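The values are calculated or read from the model by the stated rules, or taken from the named source; none is laboratory data. Model, not experiment: these values are computed from the prediction. Reconstructed Cβ throughout: ideal geometry from the backbone, glycine too, with neighbour counts over all protein chains shown. These accessible areas exclude ligands, DNA and RNA; they are computed on the full protein's heavy atoms, side chains included. Shrake-Rupley method; radii C 1.70, N 1.55, O 1.52, S 1.80 Å.
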Amino acid sequence: MNRRQTLILGGSGLAAAALGAGVAWWRLTPQPPADAAVAALFAATFPDADGQPQPLAQWRGKLLVVNFWATWCPPCVEEMPDLERTRQAYRGRNVEIIGLGIDRPDKIRAFRDDLKLTLPLLVAGAGGSELGRLLGNSAGALPYTVLVDPAGRVGQRKLGRVHAAELQQWLDARLSG
């Protein structure tokens, strides 16, 4: 192989790698949700960890943090105490934090009981994954957190572990504005 062929082959390889990285970045970046996504969120009903149906419409009009998670997802498990503490800190301020578990009911119930969580944990299964995609999680990865304001607009989205300080910043910005 001569020098020209080597340069052409190397350049083609670099272009392919750059294209692949760009596609991966685009797929993993949360996309803006369609207006219909919030309507689908509030139209959904999922059972809680005890099997009782919970319509998400009961939280319409609140500042709502929706966390898509699973018991088998390490960053999901790590962020759950922050979600619980934040929920307690904002209690009585028209704020609710819920978890939509992409998992089995028995796993979610055991997880809730082991950590003594009080935040609503719903069993969303595959329907939760589709709802997450509608709300901008095109990759379908976990954890994924969305903030919906009382008017039904998505204000914040994050793919990956969310920390208490981030949640507080999101909530304080909405509550003071």
Give me the net charge of GLY132's neighbourhood, meaning all other residues with Cβ under 13 Å from the Cβ of GLY132; Lys, Arg count +1, Asp, Glu -1.
+2
With every protein chain kept in place and ligands, DNA and RNA left out, what is the accessible area per residue of the range 68-141? Probe 1.4 Å, answer in Å².
43 Å²
What does the charge count around PRO81 come to, taking other residues whose C-beta lies under 12 Å from its C-beta (Lys +1, Arg +1, Asp -1, Glu -1)?
-1
Karplus-derived 3J(HN,Hα) from phi for the range 51-57 (6.51 cos²θ - 1.76 cosθ + 1.60, θ = phi - 60°), whole Hz, x at Gly and Pro, runs x, 7, x, 10, x, 5, 4
How much of SER176 can a 1.4 Å solvent probe reach, expressed as accessible area in Å² and rounded to 10?
100 Å²
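What is the sum of charges around LYS62, taking Lys and Arg as +1, Asp and Glu as -1, for the other residues whose C-beta is under 15 Å from the C-beta of LYS62? It would help to have the intermediate numbers written out before the result.
Working: positive: ARG60, ARG87, ARG91, ARG93, ARG153, ARG174; negative: GLU96, ASP149.
Cβ neighbours under 15 Å give a net charge of +4.
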What is the set of long-range amide H partners of GLN54 at a cut-off below 5 Å, with H atoms built 1.01 Å from backbone N?
PHE46, ASP48
